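To start, the structure under review is shown below, and the notes come after it.
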Amino acid sequence: MVYEFNILIEDGTTKDDPAEEEAQLVPGIITMVEVDFPPGCHKLVHVVVKEGGYQMFPRNPEGTMSADDHVIAFNPHQELTRGHHILKVFGWSPLTSYDHKITLRFNVQPEEIATPWQMAKDLVIILKHMLGL
């Protein structure tokens with residue numbers, strides 16, 4: 001299932017008081033993320049995605065996603081469990097002179113679709129157990 005969220009980051013928004021948007025997803029595996037920066041951001045608009053206090057995207061805590069007229073896209077294979085499936089998107093742009101709307105898209109798949117090899121792996125474990133290996 002694809003989910004789309006927009007975060008409006010007003011001009012002059014600081015990292016200490018960022019814009020915030022909640023992204024409620026279903027439990028499953030995030031198999032695709034897109035962060036769409038429209039023209040005019042000039043890499044001055046910064047976005048991070050967190051689950052609780054943990055920065056999920058980008059993975060490094062000091063990193064941010066930033067671009068201009070570009071979609072940052074990646075395939076993380078990130079598991080979301082019930083109770084941990086509501087993500088927070090934070091954005092700031094302290095050096096801009098007008099507002100920016102950043103669009104985020106998440107594709108969430110059930111585990112059996114996102115990890116089809118897991119069934120084969122489980123079958124091998126069962127067979128080894130049955131054969132006493």
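Taking the number of Cβ atoms within 10 Å of each Cβ as an exposure proxy, the fewest-first ranking of S66, S97 is S97, S66.
Please compute the length gained on full extension between D69 and T31, using 0.36 nm multiplied by the number of residues separating them and subtracting their Cα-Cα distance. Don't skip to the answer; put the middle values down first.
Details: separation 38, 0.36 × 38 = 13.68 nm, distance 2.31 nm.
Length gained, D69 through T31: 11.4 nm.
Applied to region 87-98, the Karplus parametrisation 6.51 cos²θ - 1.76 cosθ + 1.60 on θ = phi - 60° returns per-residue 3J(HN,Hα) values of 9, 10, 9, 10, x, 8, 7, x, 9, 9, 10, 8 Hz, with x for Gly and Pro. Compared with the alpha-carbon gap, the fully stretched path from L133 to Q109 is longer by 5.3 nm at 0.36 nm per residue. Near the amide H of E79, within less than 5 Å, lie the amide hydrogens of I30, all on another chain or at least 5 residues away, with H placed in the peptide plane. Here the Karplus relation 6.51 cos²θ - 1.76 cosθ + 1.60, evaluated at θ = phi - 60°, turns the backbone of region 32-44 into coupling constants of 7, 9, 10, 10, 9, 9, x, x, x, 6, 6, 6, 9 Hz, with x for every Gly and Pro. The gain in end-to-end length when the E4 to Y54 segment is fully stretched comes to 15.9 nm, 0.36 nm per residue minus the alpha carbon separation.
Where [x] 1.16; [y] 2.88; [z] 1.30 are the candidate values, the label of the one calculated here for Cα Rg over 2.2 N^0.38 Å is [z]. Determine the shape class of region 1-59: with a ≥ b ≥ c the square roots of the Cα gyration tensor eigenvalues, call it rounded for a/c under 1.5, and otherwise prolate if a/b is greater than b/c, oblate otherwise. In terms of gyration-tensor shape, prolate. Using θ = phi - 60° in the Karplus curve 6.51 cos²θ - 1.76 cosθ + 1.60, the 3J(HN,Hα) couplings for region 10-15 round to 6, 4, x, 5, 9, 5 Hz; x is entered for Gly and Pro.
In this simple spin-label approximation, H77 and L95 carry label points 7 Å from Cα along the Cα→Cβ vector, and these lie 3.7 nm apart.
Between the alpha-carbon centres of region 83-105 and region 1-78 there is a gap of 6 Å.
Laboratory data are not the source of any read-out in this text; all were calculated from the coordinates shown. On a predicted model such as this, the values are computed, not experimentally measured, just so you know. Glycine gets a Cβ as well: all are built from the backbone with ideal geometry, and neighbour counts include every protein chain shown.
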